[in-house]
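To start, the structure itself, in structure tokens.
The values are calculated or read from the model by the stated rules, or taken from the named source; none is laboratory data. Nothing here was measured: the structure is a model prediction, and the numbers come from that model. Using ideal geometry, Cβ is built from the backbone for each residue, glycine included, and neighbour counts are taken over all protein chains shown. For accessibility, only protein heavy atoms count, side chains too; no ligands or nucleic acids. Shrake-Rupley method; radii C 1.70, N 1.55, O 1.52, S 1.80 Å.
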Amino acid sequence: MKIGMPLSYSGGFVETVAQLVEYEAAGLDLVLLPEAYSFDSVSQLGYIAAKTSRVEIASGILNIYSRTPALLAMTAAGLDYVSEGRFVLGIGASGPQVVEGFHGVKYDAPLGRAREVVEICRKVWRREPLQYNGKFYHLPLTAEHGGGGAGKALRLINHPVRADIPVVLAALGPKNVELAAELFDGWEPVFYVPERAEAAFGEALAAGRAKRQESLGPLQIVPGTWVAITEDAQEQAAVVQQVREKLALYLGGMGARGKNFYNDLAVRYGFGDAAKTIQDLYLDGRKAEAAAAVPEELVHGVALIGAPGWIKERVNAFAASGVTTLNAAPIGATHEQRLRMIARLKEFAS
């Protein structure tokens, strides 16, 4: 199992990347840079490529609405070029708060659009004349679909380093998870509990894999998590509280009642009563009580918090559930502590 690490998209970026070289030396396999309504991640991914030599570099995630499919493909090819074949294109739907609120683009049909985006990207990387007639994207854009009739079926001018740049889909809902297993190189879930993953995702993964082309190879599974390797009870309690608050924010505040993907996931994990309580408290403004209502089992299911022996057991549980890369955010007071945590995770995963 590989070890990945997310980078923060706000503040101290240059200093963080300077330290990334040390993580690379400690065995880090993959670094993921998010993009929300922040600085764009593409320029920063190029900076990371210039400052590193071995670690894989992933977008985590570029949303599928604010860039056209061809631009996503061009961007991925360019980042793969400057990194000498180390780029992984992470894409996803994001949510209407960002897509419609920040970008002013209609949030619709995430499943169908994701399918067409990855198909178009692969055409671009193979340098085929870009012709595509889907439900959402038409290339070239003809008068029938609102174009002026001057479009031509162009191919990418440059020769990409790879014609098969890995594409990972961030997905939680059953249909999107099924699509990831069918059509993508990898799947990026959040709040992943290995012991409950089969109940939450097993049916969707099996349906997608049944349609998967053999040429894609095995599905890569890249869940996000937090890690704090410490035997100090106070340090453990502080990190548990951080994770509680993060889970309460997502289960309670990321969406409305009846339309919260993260809350739905907690229900599929078997925490239905707690998920409702957390959401009710959070939306009523009682955020501290919402955090306190997050089950201890859920906290320790999604995060790796504890002594080295316990962490090793948890790493083994993730690996046994099919995880291929553990995207772990180290939580520690100093850079040195966080660096040791990544090195230790790499040791446990080997």
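Structure data summary
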{"item": "Extreme residue, modelled with the lowest pLDDT, among residues of segment 94-146 that are out of contact with any strand residue (DSSP E or B) (no Cβ under 8 Å at 6 or more places or on another chain) and open to solvent by less than 30 Å² (accessible area, probe 1.4 Å)", "result": "G95"}
{"item": "From the options R67, R54, residue that is closer than 30 Å to A320 by Cβ, in contact with a helix residue (DSSP H, G or I) (Cβ under 8 Å, 6 or more places away or on another chain) and not hydrophobic (A, V, I, L, M, F, W, C)", "result": "R54"}
{"item": "Test: V167 is of a type in the set (V, I, T), touching a residue at least 24 places away in the same chain (Cβ under 8 Å), open to solvent by less than 70 Å² (accessible area, probe 1.4 Å) and out of contact with any Lys or Arg (no Cβ under 9 Å at 6 or more places or on another chain)", "result": "no"}
{"item": "I57 vs. criteria at pLDDT below 95 and within 16 Å of the chain's Cα centre (by Cα)", "result": "no"}
{"item": "Qualifying residue in segment 290-305 (condition: closer than 25 Å to S94 by Cα, of a type outside the set (A, V, I, L, M) and either open to solvent by 50 Å² or more (accessible area, probe 1.4 Å) or part of a helix (DSSP H, G or I) (or both))", "result": "yes"}
{"item": "Scan of segment 328-350 for residues that are open to solvent by less than 10 Å² (accessible area, probe 1.4 Å) and outside any helix (DSSP H, G or I), ordered by number", "result": "A328"}
{"item": "Unique match (being open to solvent by less than 30 Å² (accessible area, probe 1.4 Å), more than 22 Å from G224 (Cβ to Cβ) and in contact with a helix residue (DSSP H, G or I) (Cβ under 9 Å, 6 or more places away or on another chain)) among G60, G46", "result": "G46"}
{"item": "Residues satisfying the stated conditions in segment 173-200, i.e. open to solvent by less than 20 Å² (accessible area, probe 1.4 Å) and in contact (Cβ under 8 Å) with a residue 40 or more places away in the chain", "result": "L179, F184, G186, F191, Y192, V193, P194, A197, A200"}
{"item": "Selection from segment 228-284 of residues that are within 23 Å of P194 (Cβ to Cβ) and of a type in the set (S, T, Y)", "result": "T230, Y250, Y262, Y269"}
{"item": "Segments classed as helices (runs of 4 or more DSSP H), wholly inside segment 197-270, with at least 3 members that are more than 22 Å from A319 (Cα to Cα)", "result": "233-248, 261-268"}
{"item": "Any hit, segment 28-40, residues being polar (S, T, N, Q) and in contact with a Pro (Cβ under 8 Å, 6 or more places away or on another chain)", "result": "no"}
